[in-house]
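Just below is one structure, and these are the notes that go with it.
The values are calculated or read from the model by the stated rules, or taken from the named source; none is laboratory data. The model shown is predicted, which means the values in this text are computed figures rather than measured ones. Cβ coordinates were reconstructed from backbone atoms using ideal geometry, including for glycine residues, and neighbour counts include every protein chain displayed. In case anyone asks, the SASA skips ligands and DNA or RNA and just uses the protein heavy atoms, side chains included. Shrake-Rupley method; radii C 1.70, N 1.55, O 1.52, S 1.80 Å.
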Amino acid sequence: MREYIIADNQDITKAGILFLLGGLKDVGNITEADNRAELIKEFRTSPEAVVILDYTLFDFSGAEELLILTERFPKANWILFSDELSEEFVKRILYSSQQFSFVMKDNSKEEITSALQCAMHKERFICNHISNMLIGKQHSVPVENILTNTEKIILKEIALGKTTKEIAAE
C-alpha cells in the first residue's frame, strides 16, 4: 500500500486525482501540498510516497532542485503531471533518475490511471505525448548518421553474443 502526495495548487486537478485514486486498490494515505515547503514537510512523514507534481505551478528554481529532492528521498516515486513540459526539462529529468514518470493533464483518464498504477508498483510511466515529443525529434536525423561505423560494428558484435572483452580484443 503506497501513500500519495498531491503537489498541485489547482483545486480542480486535486479533485480529479483524488477521484482517480479512489478507484484504485491498495492506495494508502493521500495528502496535499501547495508549495515546495509543504511538500518537504509531507516527505518527512511519508518518505516512500508517490508524489504527483505539477512542476510548472510549484516554486522550484529548476530541474536540479527537483533532482536533489530525489536524492534526499530515494524511495519516493514521482509523477510529473502538467499542462506543458519542455523537451529540455523532460530529457534532463528522464535521463537523471528512474523515479520519474510523465503524464500530461490533457491525457485520457485511462492513461493517467495507468501512470498512477505504475507509480504504485515503482514502475516508470511515460505518456504518449512525451514519447512522441522525444521520438519525433529523433526522426529528423537520418538513421545512418545516428551511430558511427565503429559503433555499428560493436553493436553487431554484441547482438552476436560476444562479450565486451572479446570485442575489445578484436
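Flag set for ASN107, criterion: more than 20 Å from GLU3 (Cα to Cα), at pLDDT 90 or above and surrounded by 18 or more Cβ atoms within 10 Å (Cβ to Cβ). In this structure, ASP59 qualifies as modelled with pLDDT under 90 and in contact with a helix residue (DSSP H, G or I) (Cβ under 6 Å, 6 or more places away or on another chain).
The combined condition, being more than 12 Å from the chain's Cα centre (by Cα) and closer than 25 Å to GLY28 by Cα, is not fulfilled by SER97. Listed by first and then second residue, the pairs linking a residue in segment 2-31 that is polar (S, T, N, Q) to a residue that is assigned to a helix (DSSP H, G or I), with Cβ atoms under 8 Å apart and 6 or more places separating them unless they lie on different chains, are ASN9/LEU57; GLN10/LEU57; THR31/GLU42. The set of residues in segment 10-27 that are open to solvent by less than 70 Å² (accessible area, probe 1.4 Å), farther than 15 Å from LEU53 by Cβ and assigned to a loop (DSSP other than H, G, I, E, B) comprises GLY23, LEU24. Counting only residues that are surrounded by 11 or more Cβ atoms within 10 Å (Cβ to Cβ), at pLDDT below 80 and over 24 Å from SER86 (Cα atoms), segment 127-154 holds 2 of them. If the condition is being assigned to a strand (DSSP E or B) and of a type in the set (A, V, I, L, M), then segment 51-91 contributes VAL51, ILE52, LEU53, ILE79, LEU80.
Kindly indicate whether any position in segment 127-140 is within 9 Å of the chain's Cα centre (by Cα) and part of a helix (DSSP H, G or I). Talk me through it step by step, then tell me what you get.
We begin by selecting, within segment 127-140, every residue within 9 Å of the chain's Cα centre (by Cα); these are none.
No, the conditions are met nowhere in segment 127-140.
The lone criterion from (1) open to solvent by less than 20 Å² (accessible area, probe 1.4 Å); (2) at pLDDT below 90 left unmet by VAL50 is number (2).
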